[in-house]
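S.K.: Before anything else, here's the structure in question.
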Amino acid sequence: MTMNVAAGAAAYANAAKTLTAPQGAGAVSGGGFGEMLKSTLEGAISDQQKGETASMQAIAGNGDINSVVAAVTNADVTLQTVTAVRDKVVSAYQEILHMTV
């Protein structure tokens, strides 16, 4: 089973650079947190589509079972990660709403 560990490590490194760069440093290109979030979600959607494509090829009898399992597992891990991040964001938002000013 092949998991895309290198892509995950690269995403974490990119996020760390983006979030720890000093204001006005100019060393990091991109649109900030919003752009990073957008590209991450696009990657998650792409992983889901690859899993679906591999499943459809297996149903048609054209897919290798190892690649199908790898693609579906990668899509599942991606979905679990997106769900966990969403839950953390909602929790943080609710905590902010309960703060007294």
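S.K.: Report the gain in length on full extension from Met56 to Ser39: 0.36 nm times residue separation, minus Cα-Cα distance, nm rounded to one decimal.
M.R.: Numbers: separation 17, 0.36 × 17 = 6.12 nm, distance 2.56 nm.
Result for the pair: 3.6 nm of gain on full extension.
S.K.: Shifting gears a bit: Ranking Met36, Met56 by Cβ neighbours within 10 Å, fewest first, what do you get?
M.R.: On the way: Met36 18, Met56 12.
Neighbour counts put them in this order, fewest first: Met56, Met36.
S.K.: Here is a follow-up. Please give the net charge around Tyr93, taking every other residue with its beta carbon less than 15 angstrom from that of Tyr93, where Lys and Arg add +1 and Asp and Glu add -1. Before the final figure, lay out the partial values.
M.R.: Details: positive: Arg86, Lys88; negative: Asp87, Glu95.
Once positives and negatives cancel, what remains is 0.
S.K.: So, one more: In what sequence, highest mean first, do 38-46, 90-98, 60-68, 74-82 appear when ranked by Cβ atoms within 10 angstrom? Display every interim value, and only then the final one.
M.R.: Values: 38-46: 13.4, 90-98: 8.9, 60-68: 11.4, 74-82: 16.0.
Highest-to-lowest ranking by the protection proxy: 74-82, 38-46, 60-68, 90-98.
Every number here is computed from the coordinates shown, using simple stated rules; none is lab data. Keep in mind that this is a model prediction, so the values were computed, not measured. With ideal geometry, Cβ positions are generated from the backbone for all residues, glycine too; neighbour counts draw on all protein chains shown.
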